[in-house]
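What follows is a set of notes on a single structure, which appears directly below.
The values are calculated or read from the model by the stated rules, or taken from the named source; none is laboratory data. Model, not experiment: these values are computed from the prediction. With ideal geometry, Cβ positions are generated from the backbone for all residues, glycine too; neighbour counts draw on all protein chains shown.
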Amino acid sequence: MVSIDEVYSSTMALELRHLRYLLAVADHGNFTRAAEELHISQPTLSQQIKQLERTLGTQLLDRTGRTVRLTDAGQAYAHHARRALRDLAAAERAVHDVQDLSRGQLRLGITPTFTAYLVGPLAAGLHERHPGITLTVRETSQDGIETGLLTDEFDLGIAFRGPHPPGVTATDLFTETLTLVTGVGRLPAGPLPVRDLAEHRLALLSGDFATRGHIDDYFARHRVSPRIAVEANSIQALTEVVQRTPLATVLPDAVTHDHPRLARIPLDPPLPTRTVTLLHRADAYRSAATRAFTALVHDLVRARGYPPAT
């Protein structure tokens, strides 16, 4: 005889599988690609979705067009399904959380400029303090970080002060200052009047960086038309260029801290500043690894003498 607990456990497992199947079809808009991702046959996937629809007594997918779409009922159900799976994953991490930090995982989202001067020291510090913790770093836009926090893809994010969407909490870390950067000895120590920039050829970040927008706004505000010789979508590429050529660039001044062959040249008036923040989801479970990394970030900011947030 099957017990009530066994029936309940079997039903829960079936429902969780159904949730994943439905969301895969909704994400791909296609049964074939969803089945490939799930490693099951297309007929099996279709049968399981139909079984879910019979159980709920409503149609969840519109199959009449070239692309499979969620019905209104399907959209409502998928919204709660995503949240249920996200909460379940968080619960599993909480169960496996190791308070002594002998092992663990930290998923970090960062905006691109921080790869040049912040990720390396943070990874080194985490490995030194807690070598059992695995750090996963993903570079993305600020919107991508905030979305990833809300969908439980990230535990923490490092980006800039908001506005942030509801559910994302920000803690100020430090003030990031943009400055002119050149090879050592190429220009006087400054400050350099912004109008004099018209005499210098520049290597700048490409337009897909938010930082480039701040730079362009600064030039426009002071009616300067820069002579752009190089555009790159890599900060490392820019630092290599300016070390080897007479070109100058505009980057966060902290980039020069670990580059003895680079010099900071302040501009007059100064370039705009931005407040760097540590982001997390307001209602997220904060694992031991998350708490340890948060402490590490604040310690590193103090140790490196980054300007305090204003």
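Below is a table of values for the structure above.
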{"quantity": "The stretch 190-233, subset among the polar types (S, T, N, Q) and free of Cβ contacts under 8 Å to residues at least 60 places away in the same chain, residue farthest from E139 (Cα to Cα)", "calculated": "S225"}
{"quantity": "Only one of T134, T169, T140 that is in contact with a strand residue (DSSP E or B) (Cβ under 7 Å, 6 or more places away or on another chain), closer than 24 Å to D100 by Cβ, touching a residue at least 12 places away in the same chain (Cβ under 8 Å) and of a type in the set (V, I, T)", "calculated": "T134"}
{"quantity": "Residue pairs meeting the criteria (Cβ under 6 Å; at least 6 apart or on separate chains; first in the same structural domain as Q142 (by TED's automatic domain parsing) and in contact (Cβ under 8 Å) with a residue 40 or more places away in the chain, in the stretch 278-293; second buried (at least 16 other Cβ atoms within 10 Å of the Cβ) and charged (D, E, K, R))", "calculated": "S287/D97; A288/D97; T290/D155"}
{"quantity": "Residue selected from the stretch 17-69 under the condition acidic (D, E) and part of a helix (DSSP H, G or I), by the criterion modelled with the lowest pLDDT", "calculated": "E53"}
{"quantity": "Test: residue in the stretch 111-134 that is touching a Phe, Trp or Tyr at 6+ places or on another chain (Cβ under 7 Å), farther than 19 Å from T239 by Cβ and assigned to a helix (DSSP H, G or I)", "calculated": "yes"}
{"quantity": "Residue in the stretch 171-192 that is among the polar types (S, T, N, Q), over 30 Å from L108 (Cβ atoms) and in a strand (DSSP E or B) present", "calculated": "yes"}
{"quantity": "Counted residues, the stretch 247-272 - those being in a loop (DSSP other than H, G, I, E, B) and out of contact with any Lys or Arg (no Cβ under 6 Å at 6 or more places or on another chain)", "calculated": "8"}
{"quantity": "For P272: the one exception among (1) surrounded by fewer than 18 Cβ atoms within 10 Å (Cβ to Cβ); (2) more than 17 Å from T111 (Cβ to Cβ); (3) not aliphatic (A, V, I, L, M)", "calculated": "(2)"}
{"quantity": "Answer residue from the stretch 204-225, given it is modelled with pLDDT under 90 and not in a helix (DSSP H, G or I) and is farthest from the chain's Cα centre (by Cα) among those", "calculated": "G207"}
